[in-house]
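Presented below is the structure to which this report refers.
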Amino acid sequence: MKLILSFIAVALLIFFFIRFLEQKSLYFPFPTLEITPQDMSMAYEDVHLTASDGTKLHGWFIPSESPKAAVLLAHGNGGNISHRLEKLKMLHDTDLDILIFDYRGYGLSSGSPSEDGIYLDVQAYYDYLVNEKHVSADSIIGYGESLGGAVIIDLAKGHALGGLILEGAFTSVPDMARKLMPFLPSALLKTRFDSFNKIGTIKVPKLFFHSTSDEVVPVELGRRLYEAAQGPKEFVQLHGGHNDAFMVSQDEYVGHIHEFVSNIMNDYH
């Protein structure tokens with residue numbers, strides 16, 4: 001009996017250690033907004049919303065003077081919306097309205113991050129664009145960077161969009177764990193963010209960006225996700241790191257976004 005109890009105790013310790021490690025490895029929220037769009041000469045509106053489970057959320061709406069479309073941007077797993085200003089400026093200068101938000105537990109958003117909770121967060125901001133800003137769903141481009149790719153793919157699975165832009169996205173959390181932490185039994189992970197088994201159902205045009213030297217998300221996972229997707233689709237290889245490839249490859253990055261959005265809106269109109 002003592003042996004059995006010892007085995008159960010060790011198993012429980014391993015289980016809870018994995019859960020702890022999983023949470024700490026997935027989410028790196030930062031509570032303080034360091035700058036605002038105004039600091040980069042962009043007018044903006046604070047957007048405070050409440051998710052369907054009561055969680056208070058915060059984001060920014062950055063309007064363009066002559067918008068071609070609206071981008072709903074789901075950011076990666078670190079920092080907060082104030083750490084994406086360079087990217088927001090590039091998108092803004094491409095004549096796009098932008099709605100970016102912080103997941104629960106990030107920035108000024110309350111609560112703690114979880115897979116199911118973050119899915120509720122992006123739905124709240126999608127509904128805001130459609131119902132409050134009266135943006136046609138066909139004019140909304142879902143944009144997901146890294147972890148945000150899984151968030152925006154889940155949204156696109158059940159909501160109309162004009163297209164998807166995925167930057168440094170991965171297939172699933174278990175696949176990432178097998179690549180980065182092979183000692184971790186991925187079958188015991190609670191969080192899935194299983195984009196691989198969702199993206200094949202999404203019919204809208206897709207633009208994939210991935211750096212060949214991405215040190216966080218292996219490019220092979222980005223390619224596997226691309227191969228699982230329906231067309232029309234395009235995979236664009238960038239240069240630079242996981243967090244700065246859009247700046248290192250700025251001309252290619254901006255050029256492909258401009259072409260992608262223009263094609264979508266020409267087809268829509």
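Pull up the stretch 30-49, narrow it to residues that are in contact with a helix residue (DSSP H, G or I) (Cβ under 7 Å, 6 or more places away or on another chain) and assigned to a strand (DSSP E or B), then point me to the one that is surrounded by the fewest Cβ atoms within 10 Å (Cβ to Cβ).
So, considering only residues that are in contact with a helix residue (DSSP H, G or I) (Cβ under 7 Å, 6 or more places away or on another chain) and assigned to a strand (DSSP E or B), the one surrounded by the fewest Cβ atoms within 10 Å (Cβ to Cβ) is 49.
Residue under question is residue 23, and the condition is that it be modelled with pLDDT of 95 or more and polar (S, T, N, Q); does it hold?
Answer is no for this residue.
Filter the stretch 93-104 down to the residues that are among the charged types (D, E, K, R) and in a loop (DSSP other than H, G, I, E, B), then identify the one that is nearest to the chain's Cα centre (by Cα).
Applying the filter and picking the extreme gives 102.
Name the single residue that is nearest to residue 36 (Cα to Cα) among those in the stretch 71-86 being crowded, with 22+ Cβ neighbours inside 10 Å and among the aliphatic types (A, V, I, L, M).
81
I'm trying to understand the selection: among the residues of the stretch 197-213, which are of a type in the set (Ser, Thr, Tyr) and either out of contact with any strand residue (DSSP E or B) (no Cβ under 6 Å at 6 or more places or on another chain) or not in a loop (DSSP other than H, G, I, E, B) (or both)?
Scanning the stretch 197-213 gives 201, 211, 213.
With the requirement that a residue be over 11 Å from residue 228 (Cβ atoms), modelled with pLDDT of 90 or more and of a type in the set (A, V, I, L, M, F, W, C), what does the stretch 185-207 give you?
Result: 193, 204, 207.
Under the condition of being touching a residue at least 40 places away in the same chain (Cβ under 8 Å) and assigned to a helix (DSSP H, G or I), which residue from the stretch 156-166 is surrounded by the fewest Cβ atoms within 10 Å (Cβ to Cβ)?
The residue in question is 157.
Step by step: first the residues of the stretch 105-147, then only those that are of a type in the set (S, T, N, Q), part of a loop (DSSP other than H, G, I, E, B) and touching a Gly at 6+ places or on another chain (Cβ under 6 Å), then the one that is nearest to residue 70 (Cα to Cα). Which residue is that?
146
Do we find a residue being over 17 Å from the mean Cα position of the chain (by Cα), modelled with pLDDT of 95 or more and closer than 16 Å to residue 161 by Cα anywhere in the stretch 246-261?
yes
The values are calculated or read from the model by the stated rules, or taken from the named source; none is laboratory data. In this text, all values refer to a predicted model and were calculated from it rather than measured experimentally. FYI the Cβ positions are ideal-geometry reconstructions off the backbone, even for glycines, and counts take in every protein chain you see.
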